[in-house]
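What follows draws every value from the coordinates through simple rules; no lab data is involved. Every value quoted in this text rests on a predicted model; they were computed, and no experiment measured them. In this analysis, Cβ positions are derived from the backbone assuming ideal geometry, glycine residues included, and neighbour counts consider all displayed protein chains.
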Amino acid sequence: MSNSPSTLVAARAAPRPFPAKLAAIVAALAVVGLAAAPEPLTALAVMAGIVFAFAALYRPELGLVALIFLVHTNLAYVMETYHGVADVGRLMITFVGWVVLVRFLVLRERPALNVAGLAPVAATFLVSGLSLFHATDTVVALDLLEALAKDILLLVVLMLLLTDVRRFHLVAWTWIGAGILLGSLVAFQYFTGAFGDLFYGFGHATVEHIAGKVNSWRLSGPLPDPNYFAQVMLFVVPLAMDRLAHGRRRPLRLIALWGVVACLLAIMFTFSRGALLSLGLYFALLVWMRRPSPKLVGVMAVAGLAVVAVMPAEYHDRMSSLVDTLLSLGSGNGSTDPAVAGRLGEMMGAWYMFADNPLLGVGIGHYPLSFQQVTLDHGLMLRGADRSAHSLYMQTAAEKGVIGLAVLFWLLATVAGNVIRTWRALRAAGDVGSARLVAAFGLGFLAFMVASAFLHDAFSRYFWSIVGIGLALPQIAPVRPSAPVSASAPWHPSSPCRRR
């Protein structure tokens, strides 16, 4: 029998037998759950939960996929708001965390964790915690600090679960699948005119100002704001584009094409101008970096023409207003669009707060509380209500000062560095397909952060889930052993890997 390193790695990577005592624990929980269930529907839900629990204990990547899907579809918010089922997200994160712990205690499976990547995350929490000492409303600051702690817990659990290249591919396809589901639903909603149907909470639609005197429906999927929905769909586009261009199997390439079209349609029906600018930047970078083949260019052209063919007339007005706004701002004349003028005023308000409190800012959650007073003090556009900064970077500067801004860029630079190093390591190991997918993740994250220049931190769980995957990327990079692998050497999930 061969004792080559690849044979030994493959042998150690094989699934271990699932212990009988874990099966007994799961069976006992099933009996208790069914006995306590007051209704048949609840009993069915309990049974489904028990089946998932058993499957996740045996295959923890199912927990990783479930968390990614739960966040990207905003399922916890939908279940609580429209179905009265609270704490779905908290319970899922807690359960998956217990899966990692049980597998460590019972199977002695040591999870991978890029501890060095947590440094900017810890710094973010500490800088936010400083608000408790200088903010005027400590209750607001404490609530947001608690929410940040929950997001960081999600990040850590995701990092613990992302242990190899195969799981990274699963995560990418989960994002694409969520994009297909939400984008297809939004497209169906628009083409059928079913704007009054919430589709169980996944089909929000509101009539808003588009351009000039034109008002129209703006769709936002499972989120209450169309601009944020466009941002999260924007992140999926590079991943789907990569699988469309480089997928090995035709059925998967067709699914990826479905994902590209569904996400582009969803972005279009949000009428988000910030997402449109970010999308344009992505395609410009794609052409510059990849120099796509004529075949891919043809597919992209067909997909683009399909989207343009169904583009509503109001979208042309929206794009024209964007061009007029950019030209007006470039000439120094200001903007005649009330929405743009309002956002510029809100960003200027953030600048004045930062100028008055440059070191630590006004405190987390305190931009809205300070906005109206700053508006009066500096003669900005009156809005008649507390407003948000409409820019993650301006919000961070206003609420956390230069220290918070430096920590944010440190965090972003860490993710960017991980993308580059993992891409290089995978290419050096001959896994070009995975390297391309990592690059697509990096482009998606870049587009997401460009869109954040026009959106404040309102749905932070999306940001932290993506950052969690980005910080875990070194864990999937192949590691070449400096010495021959012995039969007694402990196997680690980030050992030499191949695309599965």
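Structure notes:
- Available extension along the chain between LEU105 and PHE191 is 25.7 nm, counting 0.36 nm per residue and deducting the alpha carbon span.
- Karplus-derived 3J(HN,Hα) values for the range 180-190, using 6.51 cos²θ - 1.76 cosθ + 1.60 with θ = phi - 60°, are 5, 4, 6, x, 5, 5, 5, 5, 4, 4, 6 Hz; glycine and proline are entered as x.
- Estimated vicinal HN-Hα couplings, Hz - the range 161-174 in sequence order (Karplus 6.51, -1.76, 1.60; Gly, Pro = x): 8, 7, 10, 7, 5, 4, 5, 5, 5, 4, 4, 4, 5, 5
- Take each peptide in 356-362, 435-441, count the other Cβ atoms within 10 Å of every residue, and average; sorted highest first, the result is 435-441, 356-362.
- Taking packing as the residue-averaged number of other Cβ atoms within 10 angstrom, the listed peptides 231-243, 402-414 run from highest to lowest as 231-243, 402-414.
- Across the range 181-220, Cα-Cα pairs more than 10 Å apart make up 69 percent of the total.
- Ascending count of other beta-carbon atoms within 10 Å, so fewest first, for MET159, MET381: MET381, MET159
- Whole-Å distance, taken between Cα centres, linking the range 250-285 and the range 361-439: 23 Å
- Karplus-derived 3J(HN,Hα), 6.51/-1.76/1.60, for each residue of the range 146-157, Hz, glycine and proline x: 5, 5, 5, 4, 5, 5, 5, 4, 4, 4, 5, 4
- The Cβ shell under 13 Å around PRO474 holds other residues with a net charge of +1, Lys and Arg each +1, Asp and Glu each -1.
- Among 254-263, 419-428, the order from most to least packed when residues are scored by Cβ within 10 Å on average: 254-263, 419-428
- Gyration tensor verdict on the range 125-275 (Cα atoms; rounded if a/c is under 1.5, prolate if a/b is larger than b/c, oblate otherwise): oblate
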